[in-house]
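These notes concern the structure reproduced below.
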Amino acid sequence: MKNRLRALVYEKLVEADGRNKHLRNAASIVNELLPDGIRIDARHAADAPPAPRPAAASSGAAAASPARPAQAPVFVYFDGRDHRTKAKIEELLNGQKIAFKVLDVTDDEAEKSWVTTAAHTSELPIVVIAGTPVGGIGELTQLNLSGELQRRVFGVGATSS
């Protein structure tokens, strides 16, 4: 039952490109209630939609790791202003082999308001993992250094305390 709920919310969140307020709320609730968070259930991976592709994929990286664990959806909310920070975020995510999608919210005040309020910051770009805002480049770097980024995205790599 839990795996079906995770897979359903993941599928709908990816279909809506993270832009549906009700789906984001559902994803947030599922992430709070279920210890594993939202990602494709391995048994149903063939039925689920593919994960978003990296924005700047390198040509040789696709065949490097055929058996990656299922990943939570990752979105980078961007307002068209700070291209340098966006490039750093893309470099970090690509370096960790994390598929993501960049969402341009330049002309979408509702989305921009939601993500900045939920992330408790007014500066974009902001990274959202499985419907939960994690913040900008500073927070993303801290998650990466602690191993928490891999745990949140793939459910692996971090030790439980």
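The values are calculated or read from the model by the stated rules, or taken from the named source; none is laboratory data. Just so we're clear, the structure is a prediction, and the values are computed from it rather than from any experiment. Backbone-built Cβ (ideal geometry, glycine too); neighbour counts: all protein chains shown. When the accessible area is computed, the model is the full protein with side chains, heavy atoms only, and any ligands, DNA or RNA have been set aside. Shrake-Rupley method; radii C 1.70, N 1.55, O 1.52, S 1.80 Å.
Being surrounded by fewer than 18 Cβ atoms within 10 Å (Cβ to Cβ), among the basic types (Lys, Arg), modelled with pLDDT under 95 and under 22 Å from residue 148 (Cβ atoms) is a condition met by at least one residue of the range 60-68. Residue check: residue 139 meets all listed conditions (1) of a type in the set (D, E, K, R); (2) farther than 14 Å from residue 76 by Cβ; (3) free of Cβ contacts under 8 Å to residues at least 60 places away in the same chain; (4) open to solvent by 50 Å² or more (accessible area, probe 1.4 Å) but one, namely (2). One residue stands out in the range 109-136 among those that are of a type in the set (Asp, Glu) and in a helix (DSSP H, G or I): the one that is least open to solvent (accessible area, probe 1.4 Å), namely 111.
Restricting attention to the range 80-108, the residues that are assigned to a loop (DSSP other than H, G, I, E, B) and either on the phi > 0 side of the Ramachandran plot or of a type in the set (Gly, Ala, Ser) (or both) add up to 3. Does the range 95-105 include one or more residues that are of a type outside the set (Gly, Ala, Ser), in contact with a Leu (Cβ under 7 Å, 6 or more places away or on another chain) and open to solvent by 30 Å² or more (accessible area, probe 1.4 Å)? Checked against the condition, which is being of a type outside the set (Gly, Ala, Ser), in contact with a Leu (Cβ under 7 Å, 6 or more places away or on another chain) and open to solvent by 30 Å² or more (accessible area, probe 1.4 Å), the range 95-105 yields at least one hit.
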